[in-house]
1. Find the residue count for segment 131-161, including only residues that are part of a loop (DSSP other than H, G, I, E, B) and at pLDDT 95 or above.
2. Within segment 20-30, identify whether any single residue is outside any helix (DSSP H, G or I), in contact (Cβ under 8 Å) with a residue 12 or more places away in the chain, within 17 Å of Gly411 (Cβ to Cβ) and in contact with a Ser or Thr (Cβ under 7 Å, 6 or more places away or on another chain), and answer yes or no.
3. Taking segment 337-371, which residues are touching a Lys or Arg at 6+ places or on another chain (Cβ under 6 Å) and outside any loop (DSSP other than H, G, I, E, B)?
4. Please go through (1) touching a residue at least 40 places away in the same chain (Cβ under 8 Å); (2) in contact with a Pro (Cβ under 8 Å, 6 or more places away or on another chain); (3) not aromatic (Phe, Trp, Tyr) for Gly347 and return the number of the only condition it doesn't satisfy.
5. Of the conditions (1) closer than 24 Å to Phe43 by Cα; (2) modelled with pLDDT under 95; (3) within 23 Å of the chain's Cα centre (by Cα), Arg283 satisfies every one except a single condition; which number is it?
6. Can you name the residue in segment 56-67 that is in contact (Cβ under 8 Å) with a residue 40 or more places away in the chain and buried (at least 21 other Cβ atoms within 10 Å of the Cβ) and is also farthest from Leu267 (Cα to Cα) among such residues?
7. Is it the case that segment 291-302 has a residue that's closer than 23 Å to Met410 by Cβ, in contact (Cβ under 8 Å) with a residue 12 or more places away in the chain and not aromatic (Phe, Trp, Tyr)?
Amino acid sequence: MGILHEDVVIIKQAEKEDEATVLTINCPDKTGLGCDLCRIILFFGLSIVRGDVSTDGKWCYIVFWLVGKQSTRWGLLKKRLLEACPSCSSANTLIYYPSELLPPKPPEVFLLKFCCHDRQGLLHDVTHVLCDLELVIQRVKVSTTPDGMVMDLFFITDTRGLLHTPDRKQDTYDQIKAVVGEAMVSCDIEMVGPEITACSQGPPFLIPPSITEDTFSLEMLDQCQHGSQHSNSVSVTMDNSLSPVHTLVQIVCHDHKGLLYDIMRTLKDYNIQISYGRFTTKRRKDCEIDLFIVQADGKKIVDPSKQNALCSRIRMEVSRPLRVALVNRGPDTELLVANPVELCGKGRPLVFYDITLALKMLNIDIFSAEISRHMIGGREWEVYRVLVDEGEESCVPKNRIEEAVWSMLMGWEQ
């Protein structure tokens with residue numbers, strides 16, 4: 001007997017406003033599946049408040065309790081989750097997903113180029129449209145001229161794989177036009193080579209070494225970057241005595257947006273398989289996570305050096321899943337946000353969306369913006385650089401800007 005295709009992903013929507021939607025996934029297993037599912041859920045703007053995961057190494061059963069916006073397109077979410085699940089024909093063997101063995105086919109990259117008259121919040125409004133259209137921003141180059149014109153270059157990929165068609169291009173143009181209005185001067189979409197979004201070696205140009213060291217170093221973990229108000233005390237412990245075949249990882253921390261994704265992507269990069277896991281939140285603030293894990297060879301982790309390395313990495317990624325800093329550029333201020341990229345090449349979704357929303361809520365204009373990828377400290381990072389136009393009338397302290405962006409990225413109330 002098999003399982004019906006429509007039963008692989010089941011979504012039971014909440015009937016009351018204070019209830020959670022229950023997502024059930026029943027499919028063949030693969031290393032990193034939990035990470036892929038959590039990334040999709042995060043892209044749809046949903047938070048996981050509770051979770052149960054179990055697998056026998058071939059088949060997995062996952063239940064997530066979700067909360068989020070009422071406008072969620074549940075049918076589309078189900079479709080994307082189904083696409084991430086292995087086919088039932090693969091249930092006879094565990095699917096490992098090391099990037100060097102199964103490199104994903106690079107998606108087609110398109111350049112969205114448009115010119116218009118600038119206004120406050122424009123960049124966020126356009127970013128919102130692209131996210132709703134499932135157009136993933138890979139790289140950005142935004143500049144503003146002295147006469148108030150803005151030239152935006154978005155290098156994007158299409159989750160639906162249809163941007164090469166006239167209908168999809170026209171729909172994208174129409175929705176951008178609806179947001180920009182009469183301020184639109186020109187808009188064009190063309191296919192470009194994937195080398196446009198390739199990763200560069202070394203940190204971004206003009207970033208001082210002190211900033212890169214503070215931002216990307218594991219040794220900086222114990223120094224609270226954002227003050228005591230949002231310091232995140234994290235406890236990560238390992239125990240091999242409770243199971244004859246599994247290592248138990250216990251994590252206690254403060255909740256933040258994408259917490260389970262940050263844990264899952266770390267385990268995926270280490271090629272760790274979760275046999276059983278439970279995730280709970282208390283008052284949607286404090287989280288407790290129990291994970292019974294094994295290595296790629298199916299054995300528990302007994303080497304103390306490997307235990308320490310994995311614990312340190314989890315603690316780092318939970319405490320500081322992204323890096324946020326402000327850099328002085330003479331009279332100007334540049335906001336720097338760094339997003340770690342998974343070994344498979346994918347990064348945390350909606351980062352640019354959150355950055356631009358936080359600045360829009362502070363009534364801060366964006367003079368220029370850029371997204372690029374760089375190898376720093378042996379890891380690939382997606383680096384967002386935003387030159388903010390504080391203006392003569394701006395009364396927002398610089399530490400307030402950094403705090404607001406950090407809070408928006410973490411999903412914390414300001």
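The values are calculated or read from the model by the stated rules, or taken from the named source; none is laboratory data. This is a predicted model, so every value here is computed, not measured. Here Cβ is always computed from backbone atoms with ideal geometry, including for glycine, and neighbour counts include all displayed protein chains. We work out accessible area using only protein heavy atoms, side chains counted, and drop any ligands, DNA or RNA first. Shrake-Rupley method; radii C 1.70, N 1.55, O 1.52, S 1.80 Å.
1. Number satisfying all stated conditions: 2.
2. no
3. Result: Ala338, Asn339, Glu370, Ile371.
4. Only one criterion in (1) touching a residue at least 40 places away in the same chain (Cβ under 8 Å); (2) in contact with a Pro (Cβ under 8 Å, 6 or more places away or on another chain); (3) not aromatic (Phe, Trp, Tyr) is unmet by Gly347, namely (1).
5. (3)
6. Leu66
7. Yes - at least one qualifying residue is present in segment 291-302.
Rundown of residues vs (1) open to solvent by 40 Å² or more (accessible area, probe 1.4 Å); (2) small (Gly, Ala, Ser), yes/no style:
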| residue | (1), (2) |
| --- | --- |
| Ile289 | no, no |
| Cys311 | no, no |
| Gly330 | yes, yes |
| Ala338 | no, yes |
